[in-house]
1. Within region 99-125, how many residues turn out to be free of Cβ contacts under 8 Å to residues at least 40 places away in the same chain and surrounded by fewer than 19 Cβ atoms within 10 Å (Cβ to Cβ)?
2. It is to be established whether one or more residues within region 126-136 are under 15 Å from residue 70 (Cα atoms), within 15 Å of the chain's Cα centre (by Cα) and crowded, with 19+ Cβ neighbours inside 10 Å.
3. So, in region 163-189, exactly how many residues are surrounded by 14 or more Cβ atoms within 10 Å (Cβ to Cβ), assigned to a loop (DSSP other than H, G, I, E, B) and at pLDDT 55 or above?
4. Taking the condition in contact (Cβ under 8 Å) with a residue 12 or more places away in the chain, surrounded by 16 or more Cβ atoms within 10 Å (Cβ to Cβ) and under 13 Å from residue 116 (Cβ atoms), does residue 36 pass?
5. Restricting region 19-33 to residues that are modelled with pLDDT of 95 or more and in contact with a helix residue (DSSP H, G or I) (Cβ under 9 Å, 6 or more places away or on another chain), which is farthest from residue 200 (Cα to Cα)?
6. Would you check if there is a residue in region 55-63 being without any contact (Cβ under 8 Å) to a residue 24 or more places away in the chain, out of contact with any helix residue (DSSP H, G or I) (no Cβ under 7 Å at 6 or more places or on another chain) and over 21 Å from residue 179 (Cβ atoms)?
7. Would you check if residue 6 is touching a strand residue (DSSP E or B) at 6+ places or on another chain (Cβ under 6 Å), under 21 Å from residue 199 (Cβ atoms) and modelled with pLDDT under 95?
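The values are calculated or read from the model by the stated rules, or taken from the named source; none is laboratory data. Just so it is clear, the structure is predicted and the values come from calculations on it, not from any experiment. We place every Cβ from the backbone using ideal geometry, glycine too, and count neighbours over all the protein chains shown.
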């Protein structure tokens, strides 16, 4: 039976959502979607994740834009299963899409195998969401973590408007005001990992956050 992350209780005559804080170690899953269809990945989630608020999944995918849509839809599905509202669900899908596409366009050769790790962890006030995307480092414009930190500093100093990506939206411009943490890490066997983390608070039956200037 799937564990639901909420239960109803009554306070001052009103029904409110209250959240369980799970103390168990999150389940860790791994899947290669190179040869899978969209419905296969969703089915994998449904079959293997009992508690959608407390798990980690590693997804290997081909360095091919055809697979980025499957990952974007997976992100949206996982947020829906956590009752996270539309603004944050869509923002994470957009940011994750940018990270995946950057790993394909800049950090890898065609048909290399890249990785995205998605992690949901319950917190006392809500849920922490982390996404990491790793490339192979074999692309013509591959970067190290030090190079990415240097680029970030330059963009922060000079402003983001002059540094839009080829698809019209830059990584740093997208993420700067949206997440709690953006970090870079070099892989043991080469390649770059770009990670983001955001803690969201549960209010009523959805996750809310202070308005963010987009």
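1. Pass one, region 99-125, residues free of Cβ contacts under 8 Å to residues at least 40 places away in the same chain: 100, 106.
Checking which are surrounded by fewer than 19 Cβ atoms within 10 Å (Cβ to Cβ) leaves us with 106.
Number satisfying all stated conditions: 1.
2. Going through region 126-136, the residues under 15 Å from residue 70 (Cα atoms) turn out to be 133.
Those left that are additionally within 15 Å of the chain's Cα centre (by Cα): 133.
Pick out the ones that are also crowded, with 19+ Cβ neighbours inside 10 Å and you get 133.
Yes: region 126-136 contains one or more residues that are under 15 Å from residue 70 (Cα atoms), within 15 Å of the chain's Cα centre (by Cα) and crowded, with 19+ Cβ neighbours inside 10 Å.
3. Qualifying residue count for the region: 5.
4. Values: in contact (Cβ under 8 Å) with a residue 12 or more places away in the chain: yes; surrounded by 16 or more Cβ atoms within 10 Å (Cβ to Cβ): yes; under 13 Å from residue 116 (Cβ atoms): no.
Spelling it out, it is not the case that residue 36 is in contact (Cβ under 8 Å) with a residue 12 or more places away in the chain, surrounded by 16 or more Cβ atoms within 10 Å (Cβ to Cβ) and under 13 Å from residue 116 (Cβ atoms).
5. Of region 19-33, the ones modelled with pLDDT of 95 or more are 28-33.
Filter again for in contact with a helix residue (DSSP H, G or I) (Cβ under 9 Å, 6 or more places away or on another chain), leaving 29, 31, 33.
Details: 29: 23, 31: 26, 33: 28 Å.
Across region 19-33, the extreme among qualifying residues is 33.
6. Of all residues in region 55-63, those without any contact (Cβ under 8 Å) to a residue 24 or more places away in the chain come to none.
Looking for residues that are without any contact (Cβ under 8 Å) to a residue 24 or more places away in the chain, out of contact with any helix residue (DSSP H, G or I) (no Cβ under 7 Å at 6 or more places or on another chain) and over 21 Å from residue 179 (Cβ atoms), one finds none in region 55-63, hence no.
7. Numbers: touching a strand residue (DSSP E or B) at 6+ places or on another chain (Cβ under 6 Å): yes; under 21 Å from residue 199 (Cβ atoms): yes; modelled with pLDDT under 95: yes.
When the stated conditions are applied, residue 6 passes them.
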